[in-house]
Each structure stands twice: as C-alpha cells, then as structure tokens.
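Visitor: Pasting in a structure now, in structure tokens, and then I'll have a few things to ask.
Since every read-out is calculated from the coordinates, none of them should be taken as a lab result. These numbers come from a predicted model, not from an experiment. Here the Cβ positions follow ideal geometry from the backbone for every residue, glycine too, while neighbour counts run over all protein chains shown.
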Amino acid sequence: MSPTSWVCLDILIIGLATLAAQTALLLTAHGYGWIANPWLASTAFCVSITLAGIVFGLYERPTLLSRGRIVFRSVMSLALGVVLAFACLSLLFYAHASRWVGVSVGLTYLALAVPLRLLAHEVVTSSRVRLLCVGTGESIRRLVGILGNIHNREYHVVGHVRASREVEWPPAWAARAPRASGFRSAADDQFAEDCPCLGGLADVAALVADRAVDEIVVAPELAVHPAVGQVMAACLEGRCRVTDQPTFVEKLLGEVPAESITAAWFLRADVQNHGSYEAAKRIMDLLVAACGLLATLPLWPLIALAIWLDSRGTLFFKQARAGQHGRCFTIYKFRTMRPDAERDGARWAQRHDTRVTRVGRFLRHTRLDELPQLLNVLRGDMALVGPRPERPEFVRNLEQLLPHYRLRHLVKPGVTGWAQIHYGYGASVADAHRKLCYDLYYLKHRSLDLDLAILIRTFGTFLLGAH
C-alpha cells in the first residue's frame, strides 16, 4: 500500500471510532450534552492523529519494514494526535470532548491499525520481489551493493544478464563498457556471488518465465538502446515491471544516484524553476518564517543566556555560505562551538565533534541553533525547504569531486530539507555525496505538497532529535 492509502485507512478507523464513541455517549449516558458535535470531533481527531503520523514518519516506507518502528511510531503518533485533538477542539472551536472518546479512539487504533501494519509487514517481508538486472556496469554493481547493505526484505536478486554482445555502446559510455581482463578482483567475485550471470539479452524472456521474475532493472547506459527496448517491451507485455537503475533507487530509497544519471534523466526530471511554484513558495516562506519568529522569540533570551553561561563569547554565529546560483551570503545561527573552533582553518563538523559545547550539543540535537536562519528566510537568502547551504571553500572542492554537485544550487538553500530529515549532519565527502543524492530527488520532485510534508516531518526531529 502507498503512504496515501495508509493515511486514508487511518482516517477511516479514527473517524468511525470517534463517531461511534461520541454517538454512544450522547445516546446512552446522561450529562454529556456539553460534548462537541460528533462530526467536528471526528474531523479533529482524524486530522490531528494523521498529522502526528507524518511528524513521526509513520507513513514512510522504512517504517513498514521494521516491527519496532511500527509500534513505536504508532504509539507516539497516537499520543501526540490525541493531545492535539483535545487542544484543537478547546482552543479553536471552544468545544469539548470526553476523555472516554480519546480512550476509545486510542484502543480502537491500537486494536486495528497497528495489527494491520504488522500484518502488512509480514506480507511484505515474506514474499520478496524477484529482481533481474540487465547489464554489468557500475550502476548495477552499486544497486546490488545497496540491496546487500540495507536490511533488504523486499527484493531478491536472481541474477543479471550481459548485454555487451547484443548492443553497441554509445561513445559517452564506451570507456565504461565491461572488458575482459586477465584477473578478477574480490569485488568481481562478490558481485558474481550476489548477482550471478544467467546469460545474455536474448535469454531475458525465458528467464522471466523460468525464474518467476517480477521486475527488471536496466543499467542507465543500456536503457536507450533499441535492442534493449525491444526485449523490455516484450517483458512489459508479459506484465513484468521494467525500470532503469536510477528510477529504481529513487523509488526504493527516496534519493537519486548522482553517479548513475544521464542526460536523459535531466530531460525527464525538468529541474528548472517553475514561476508559479516559486511565487507560492516565497509567500509560504514569508508567512511561516514571520510566524516562527514570533512564536520562538521568547526562547531566544533563554538560549542566549545558556550559551553565555556555558561558553563565554559571541552568542550568534555568522558564516559565509553558498546560496542560489553560487552567490554567497551570510548565514546566522546560535553559536554551538567554542569561540576558537576554527583557529586552524575550516573543518567539517563531525557528529561527535569535540569543539561543540554542552549547550551547543543540545541545540544541535533539537535544531534550535538554526532558529536565527528564519532571518535569512525573510531576507530572501534562504527558503524554508531546500538543500543545506555549504561553505564556499567546501563547495569548490565538492564540485570537482562529485558529479552534478552544481545542480543543488539551482534552488535556494533551506533551513530544512529532504536530505536533512533523512540523513542529518554530514562530515565528509562521502556524506556530501549521499546528501547530494537526496538533494537531486528534491530537485526533481519539489512541490508545495513535498515542502509541507518536509516541514511537518521536521517537527519530528525537534521531538525525537536529529539523525
């Protein structure tokens, strides 16, 4: 089931439970004439609990693959949602709901929604999708490595087929074409073990039938060849799903493998800015940033006092960052490191950095150190949602090391973003590469719906801490 389907199922369960409890109290019990209209209460509980589910990532794909995550996030979403529902009814509508309604909704949700998710977990993990790879290039090797490294319970790689004899390699990929060599590396042996060769392109149709293949993943360098297209079209007619490697990884992990995408990906992605979306996003940025500043201003003196007592020095931290189209701007944050943290030059911020103060560690864990960046949003240097702004000295190096790194500067950097809620802080070139994959996914799919989902999900990092 898709995330939207789970949201609809939750709304159905919560709505029916609330209506039943409210109606039962009004009809059978005396003295409950003061409680809210059943439809109003039902709407409040549905919206609050599903919103809390988004905050805690209840509807994300990885949640369904772990029993512990299902139970923990369901309970947290239910607890926060019930509290929000009572607060919403009381503060916004001056209405009231009996505590028995909350108890009824909670018990019903735990009795129906959680077992259904656990059942779906068993179904997904017990019947894995059988995968056939076409090609032997780096993209397919990386895919097999990804499926081997993650706790994969959804896919089983039956093997791969070689395509070098049936197709002519394009000039751009000629240097990457597999060639026979006089020795085999340990990586080659591991690949042969995890993804054995089952033949050539002409054998695909027979393998789909004999090995009960559910899905075929094609290397991006082969996806444009007519010979490959003809074979894959026949497989599609046989109701076998066919995708290229970047699309498969994008749907599996919510990121785009930067090293595997081709010019065709950019044509399909349409990564340029859209005027109407940018205008609507700017209005949302101004409204949310202004409201955020007003709501959090009472915390600023407390945070400033804690920083000053823990480590004497400046309260705010100013630093040059690379913004949209590479233009530099000054970013503002609450100081979380010692005043002399960079006396030896610029360094990556580590996860357990010894330069971070005790108060700074708490501020980073809750992301409260980033509150002053709302001023950058009002000034137009940043957006609420977007790629994380990096330091110019790091950007120059990363643009030379990582393919397509400059693309993340097509949009304004953000206070939060798709990479931040999925990966957290980065402390190396490898981390920057992984975050780039998430940034490319956001660049391709950005919309107001996705921006709102990211903003809501960011509250989960305030409540549960950063990754």
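Visitor: Which is the longest run of the chain containing none of the chymotrypsin sites (Phe, Trp or Tyr not before Pro) found in DSSP loop states (not H, G, I, E, B) with at most 12 other C-beta atoms within 10 Å?
Guide: 184-467
Visitor: In degrees between 0 and 90, to the nearest 10, how far off the longest principal axis of the chain does helix 3-28 point, with axes built from Cα atoms?
Guide: Computed tilt is about 30 degrees.
Visitor: Hey, got a sec? Which trypsin sites (Lys or Arg not before Pro) in the stretch 114-145 land in a DSSP loop and have at most 14 other Cβ atoms within 10 Å?
Guide: Arg128
Visitor: Could you pull out the longest piece of the chain with no exposed loop GluC sites (Glu not before Pro) in it, calling a site exposed if DSSP puts it outside H, G, I, E, B and it has at most 12 other Cβ atoms within 10 Å?
Guide: Free of exposed loop sites, the longest segment is 169-341.
Visitor: Restricting to DSSP H runs of at least four residues, report the calculated mean residue ellipticity at 222 nm for the chain, -39500 (n - 2.57) per run over all residues, nearest 500 deg cm²/dmol.
Guide: Computed mean residue ellipticity for the chain: -18000 deg cm²/dmol.
Visitor: While we're on this one: Could you run the Karplus curve 6.51 cos²θ - 1.76 cosθ + 1.60 with θ = phi - 60° over the stretch 282-287 and give me ³J(HN,Hα) per residue in whole Hz, x for Gly and Pro?
Guide: Computed from phi, the couplings for the stretch 282-287 are 5, 5, 4, 4, 5, 5 Hz.
Visitor: May I pose another question? When only alpha-carbon atoms count, how far does the stretch 361-467 stretch along each of its three principal axes, as whole angstroms with the largest first?
Guide: That works out to 37, 31, 25 Å along the principal axes.
Visitor: While we're looking at this one, here's another question. So for Ser90, Ser260, fewest C-beta neighbours within 10 Å to most, what's the order?
Guide: Lowest to highest Cβ neighbour count: Ser90, Ser260.
Visitor: Something else now. Per 5 Å bin, what is the whole-percent P(r) computed from every C-alpha pair distance within the stretch 1-147?
Guide: Binned Cα distances yield the sequence 2, 9, 18, 18, 14, 11, 8, 6, 4, 3, 3, 2, 1, 0, 0.
Visitor: Sticking with this one: Amide H to amide H under 5 Å from Val242: which residues, 5+ apart in sequence or cross-chain, H placed 1.01 Å off N in plane?
Guide: Residues meeting the amide H criterion: Ile216.
Visitor: Something else about it: Among the trypsin sites (Lys or Arg not before Pro) within the stretch 210-310, which fall in a DSSP loop and have no more than 10 other Cβ atoms within 10 Å of their own Cβ?
Guide: Arg239
Visitor: Once amide H atoms are placed 1.01 Å from N in the peptide plane, what residues at a sequence separation of 5 or more from Leu371, or on another chain, have their amide H within under 5 Å of its amide H?
Guide: Phe334
Visitor: Which percent of Cα-Cα pairs in the stretch 275-464 sits in each 10 Å bin, short to long?
Guide: 9, 36, 39, 15, 1
Visitor: Another question, if that's okay. In Å and on Cα atoms, what radius of gyration and Dmax does the stretch 229-343 show?
Guide: Radius of gyration, then largest Cα-Cα span, for the stretch 229-343: 23.6, 70 Å.
Visitor: Tell me, what is the percent relative contact order of the stretch 3-125, built from C-alpha pairs under 8 Å that lie six or more residues apart?
Guide: Reported as a whole number, the value is 34 percent.
Visitor: Amide H to amide H under 5 Å from Ala383: which residues, 5+ apart in sequence or cross-chain, H placed 1.01 Å off N in plane?
Guide: Gly414, Val415
Visitor: So what are the ³J(HN,Hα) numbers for the stretch 368-379, from phi and the Karplus equation (6.51, -1.76, 1.60; θ = phi - 60°), rounded to whole Hz, Gly and Pro as x?
Guide: Each residue's phi maps through the Karplus curve to give 5, 5, 8, 4, x, 5, 4, 5, 5, 5, 5, 6 Hz.
Visitor: Could you tell me the ratio Rg/Rh of the chain? Both radii from Cα atoms, Rh via Kirkwood.
Guide: 1.02
Visitor: Which lysines have a Cα less than 22 Å from the Cα of Lys444, not counting those fewer than 8 places away in the same chain?
Guide: Straight-line reach from Lys444, under 22 Å: Lys251, Lys281, Lys412, Lys435.
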